[in-house]
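Worksheet: one structure, shown below.
Since every read-out is calculated from the coordinates, none of them should be taken as a lab result. Note that the structure is a prediction, hence the values are computed from the model and not measured. Glycine also receives a Cβ, built like all others from the backbone with ideal geometry; neighbour counts cover every protein chain displayed.
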Amino acid sequence: MSRRQTLAQLSPSQLNSKGGNSGAHARGSKDVGPLPGKGRKSVAGGLLMAAAMPGSCLERRSSVVTKSSGPKQDPRPLNSKEYQNNCIKTVINYLTTHNFSYPVSPKTLASPTGKDFSTVVTFLFQQIDPVAFRIQGKVEDEVPLFFKRLNYPFQISKSALFAVGTPHSWPAVLAALTWLVELLEYAEKSSSNKASGFERDNKVEDFLNYLAEGYQTWMSGDDDRCQQLDEQFAAKYIKQAAELDASREERRRANEQLLAELAHFRSLPDPVETAKQKLNELLIDKEKLQQLVQQDQGLKQTALRKLSEKKADLQAKQDQITAAVADVEQLRQRVVVQSVNKADLNRMIMERWVG
């Protein structure tokens with residue numbers, strides 16, 4: 001019997017990986033294809049590991065089916081128009097929300113050409129990994145292999161890809177594309193959920209690394225290093241606590257400011273009631289102005305009537321003046337034609353006074 005190895009001789013990475021590798025060879029390995037390339041973030045690792053892991057949901061799905069001599073029958077209603085329309089909507093929705101650079105419509109995916117299918121399936125495989133799932137040969141040769149690597153539970157024949165847009169071949173291929181889209185959406189949601197716990201996992205990993213290195217140092221008898229690790233670990237979390245306190249204080253002040261603004265706004269008159277009151281005042285003013293306008297209209301009518309009467313009186317006066325002027329002129333003419341001198345006139349005046 002070999003002597004048990006102590007934890008003091010193990011590195012932190014060995015401590016973290018020791019339990020995870022113990023049963024790897026016993027369970028066996030499975031080819032999951034080449035690793036994703038560098039640069040672009042890839043979902044191939046998660047998808048391939050989920051497809052290749054013993055006991056995974058994909059493997060359990062296929063394990064309950066008894067082994068038969070022919071290919072597995074697809075239970076989905078592939079020939080249903082409603083099912084095909086739903087598949088087309090699913091694929092188009094994914095393409096349009098992931099910056100697919102070519103125009104695509106339900107009519108295109110109802111009966112695509114070989115070029116249309118190649119463009120769409122290449123784009124979807126590039127979302128998994130642009131290196132591991134790069135189509136370099138013929139589409140009808142490589143697409144079935146890629147789906148097989150992803151543990152697609154049904155067979156895709158090369159003959160179906162030779163005439164991909166025909167009514168006989170396209171429903172099954174469309175269902176495979178929909179399955180691939182759903183797999184990509186699942187991977188995205190899974191990555192999002194993992195990202196939310198990233199900070200918590202980092203804290204746990206830091207603590208475990210501290211324990212592993214501290215235990216190894218303690219087993220080696222290096223008390224000074226143990227003290228240094230304790231101080232570093234404590235200083236790190238004291239700093240984080242101070243940052244959290246500062247952030248909390250800043251948020252508290254901001255909250256107090258918001259509460260003060262809220263109290264100020266609540267102390268102000270209700271703008272709705274103020275607006276209603278103003279509206280009522282304007283309506284009252286409007287009624288008063290309308291009454292004044294009506295009164296002015298009455299006064300205007302009265303003034304116009306009086307003006308008309310004055311114009312008639314003026315015309316009558318002008319007529320009288322004209323008649324008087326005519327009479328005066330007539331009398332002047334009569335005086336001119338009469339042979340009366342000044343002495344006769346004086347005599348006639350005196351006779352009138354005497355008589």
Problem set entry | Ranked list, fewest to most other Cβ atoms within 10 Å of each Cβ, for LEU208, LEU180 | LEU208, LEU180
For this session: Assuming R0 = 30 Å, can you tell me the calculated FRET efficiency for the pair VAL204 and ALA260, based on Cβ-Cβ distance, to the nearest 0.05?
Result: 0.15
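For MET348, MET219, what ranking results if the residue with the fewest other Cβ atoms within 10 Å of its Cβ goes first?
MET348, MET219
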For this session: Mind jotting down the distance between the C-alpha centroids of region 293-340 and region 113-142, whole Å?
Result: 109 Å
Exercise. According to the Cα gyration tensor, what semi-axes, each the square root of 5 times an eigenvalue, does the equivalent ellipsoid of region 252-319 have, listed from largest to smallest in whole Å?
Worked result: 64, 10, 4
Exercise. Structure shown: which of LYS107/LYS189; LYS72/LYS115; LYS276/LYS300; LYS189/LYS239; LYS81/LYS158 lie over 32 Å apart, alpha-carbon to alpha-carbon?
Worked result: LYS276/LYS300; LYS189/LYS239
Seminar exercise, completed: Assertion target for TRP179, TRP170, TRP218, TRP353, ordered by fewest C-beta neighbours within 10 angstrom first, is TRP353, TRP218, TRP179, TRP170
Exercise. When the distances between all Cα atoms of region 208-267 are binned every 10 Å from zero, what whole-number percent does each bin get?
Worked result: 20, 26, 17, 14, 12, 9, 3
Exercise. Between ARG305 and GLU250, what length in nm is gained on full extension when 0.36 nm per residue of separation is reduced by their alpha carbon distance?
Worked result: 11.8 nm
Exercise. Projected onto the charge dipole of region 208-267 (+1 at Lys/Arg Cβ, -1 at Asp/Glu Cβ, origin at the Cα centre), which of TYR237, SER247, TYR210 gives the Cα projection farthest towards the positive end?
Worked result: SER247
Problem set entry | Distance (nanometres) between label positions extended 7 Å along Cα→Cβ at GLU287 and GLN136 | 9.0 nm
Exercise. Using a basic spin-label model with each label point 7 Å from the Cα along Cα→Cβ, how many nm lie between LYS236 and ARG332?
Worked result: 13.1 nm
